[in-house]
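No lab work stands behind these numbers, since they all come straight from the coordinates. Since the structure is predicted, the reported quantities are computational estimates derived from the model, not experimental observations.
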Amino acid sequence: MMAGAAYAQSPNASTAAAGSGPYPAVMEADPGLTTHMVYRPRDLAALGERKLPIVVWGNGACVNAGNAFRTFLTEIASYGFLAVAVGPLGPERAVANPPPAANPAPAVPAPRTQAAPALPPAATKASQLIDALNWAIAENGRRGGRYFGKLDTSKVAAMGMSCGGLQAIDAAHDPRVTTLGVWNSGAIANGPDPRVFAGANATKESLQTLRVPAIYVSGDASDIAFPKRRGRLRPALTDPGVPCLAREDRPRRDL
């Protein structure tokens, strides 16, 4: 979850596919929010009376690059959403991890008394998701602006991947947020302080104060976040009156 990623510069990140939805989408930098990247339907007039729900997004590894998940966010925007990702235009994600060496040297176990290395401070923080929300709400009320009256500020999702998922958990405590989406992430009990490595107050205890519908999506046991999440969602995320969908992808044995 905390691992970094390798990057390769894209000639023009804004030429990504426009998504498969009915409203071909674009990614752009807005002069009023230079610290983020914005994803929206290209032709806002084509929406008619439809208003765009708002998605604020935290990146995997908490990277400060708003185009790191541009394919995913463009897809969301193409179905009639405004998505705002933390970070300006940065180098395009190429591979999440470098390929293993052909003949890797055997790992040397660390002494049992050796402390785990301290994690560096996060490059981004949960408050930047709130910055995105503040901007979107202000733009919805700004006469003469592109988004004036076009956003549905009653429908706001805080979402994120891995480290950004922790930021989304923190941001979902804002009373304006109505939905939480977390991908491959989870609060770490008795682990590093997420306020340091993720810039987010997303402890196991903070999960119990969430009061919005939530979706948690995680991979199988090969996912680093899997043991942090498994078995904790239903008791930790919600009270009995708040819906929670937990999806665990595993190979089917009946195929």
Query raised in the report: How large is Rg/Rh for region 158-216, to two decimals, with Cα atoms and a Kirkwood Rh?
Result: 0.92
Report task. Tell me which residues come under 5 Å, amide H to amide H, from Ala202 once H is placed; ignore anything under 5 positions away on its chain. Result -> Arg195
